[in-house]
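All remarks here apply to the structure that follows.
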Amino acid sequence: MPVNHGFTTLTIKCIPGYDGGLQQSFSIELFDSRDSKLVLNLTDSIVSTFELSGLQPATTYDINVFAVNVKGKSEPFSFSTKTAVPPIELEGM
């Protein structure tokens, strides 16, 4: 599950596994790890890459990724990741 971190963005690429011949999509739940508040809940049946934007910089997020098909939802693949820390501007340097 490759993840790209920006200051206010995360890009998550889901790599499909064996689908048993059934069309699958992916679902992502993104929680702020500080208070476990749900920030985003997305499902996409066309692409397996999610561009998550509008996030807070230098913030840790807990993420659950599910594969979904007509039979239901998989167990979550869960991980945590952090958006990048913005650069500090120093005067006189």
Next item on the list: Would you mention how many residues in segment 9-44 are on the phi < 0 side of the Ramachandran plot and of a type in the set (Gly, Ala, Ser)?
Entry: 4
Next item on the list: Tell me which residues, restricted to segment 1-14, are over 17 Å from Val39 (Cα atoms) and modelled with pLDDT of 85 or more.
Entry: Lys13, Cys14
Next item on the list: Give me the pairs, please: first residue somewhere in segment 79-93 and closer than 13 Å to Thr8 by Cα, second residue anywhere and modelled with pLDDT under 75 and surrounded by 10 or more Cβ atoms within 10 Å (Cβ to Cβ), beta-carbon distance under 9 Å, and either six or more positions apart or on two chains.
Entry: Thr81/Val3; Thr81/His5; Lys82/His5; Thr83/His5; Ala84/His5
Next item on the list: Output the number of residues of segment 73-93 satisfying the condition of being surrounded by 10 or more Cβ atoms within 10 Å (Cβ to Cβ) and closer than 21 Å to Ser53 by Cα.
Entry: 10
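For Lys71, state whether it is in contact (Cβ under 8 Å) with a residue 60 or more places away in the chain and of a type outside the set (S, T, N, Q).
Answer is no for this residue.
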Check: Just one of Ser53, Ser48, Ser36 is surrounded by 13 or more Cβ atoms within 10 Å (Cβ to Cβ) and polar (S, T, N, Q); which is it?
Finding: Ser48
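The values are calculated or read from the model by the stated rules, or taken from the named source; none is laboratory data. Quick caveat, the model's predicted, so the values are computed rather than measured. So basically every Cβ, Gly included, is an ideal-geometry build from the backbone, and we count neighbours across all protein chains shown.
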